[in-house]
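The values are calculated or read from the model by the stated rules, or taken from the named source; none is laboratory data. Quick caveat: nothing in here was measured; it's all calculated off a predicted structure. Glycine gets a Cβ as well: all are built from the backbone with ideal geometry, and neighbour counts include every protein chain shown.
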Amino acid sequence: MTGAEVRKLTTEEIGLETKRLQDKLFTLRSQTVTEKVEDTSQFAKLRKDIARLKTELTSRAKKK
């Protein structure tokens, strides 16, 4: 997910997408305990996407 894609989303969509990514990250962390994770780069990608979404929410809140 790029910054341009994030800016196109509405505030509600950003909230839903953040929740979805956090759930996915939790599931991925759980898999590390119970089974082998094949692509460990997913952790960093998910964290960066969550950070992009939260940054956009913060910038929108400051503009208002």
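Here are the criteria: (1) under 9 Å from the mean Cα position of the chain (by Cα); (2) not in a helix (DSSP H, G or I). Tell me which single one Glu38 does not satisfy.
It is condition (1) that Glu38 fails.
Return yes when Thr32 is out of contact with any strand residue (DSSP E or B) (no Cβ under 8 Å at 6 or more places or on another chain), in contact (Cβ under 8 Å) with a residue 12 or more places away in the chain, among the polar types (S, T, N, Q) and surrounded by 10 or more Cβ atoms within 10 Å (Cβ to Cβ) and no when it is not. Let's see the steps before the verdict.
Numbers: out of contact with any strand residue (DSSP E or B) (no Cβ under 8 Å at 6 or more places or on another chain): yes; in contact (Cβ under 8 Å) with a residue 12 or more places away in the chain: no; among the polar types (S, T, N, Q): yes; surrounded by 10 or more Cβ atoms within 10 Å (Cβ to Cβ): yes.
Against the criterion (out of contact with any strand residue (DSSP E or B) (no Cβ under 8 Å at 6 or more places or on another chain), in contact (Cβ under 8 Å) with a residue 12 or more places away in the chain, among the polar types (S, T, N, Q) and surrounded by 10 or more Cβ atoms within 10 Å (Cβ to Cβ)), Thr32 does not qualify.
With Leu25, Leu46, Leu21 as the choices, which residue is at pLDDT 95 or above, surrounded by 11 or more Cβ atoms within 10 Å (Cβ to Cβ) and touching an Asp or Glu at 6+ places or on another chain (Cβ under 6 Å)?
Leu21
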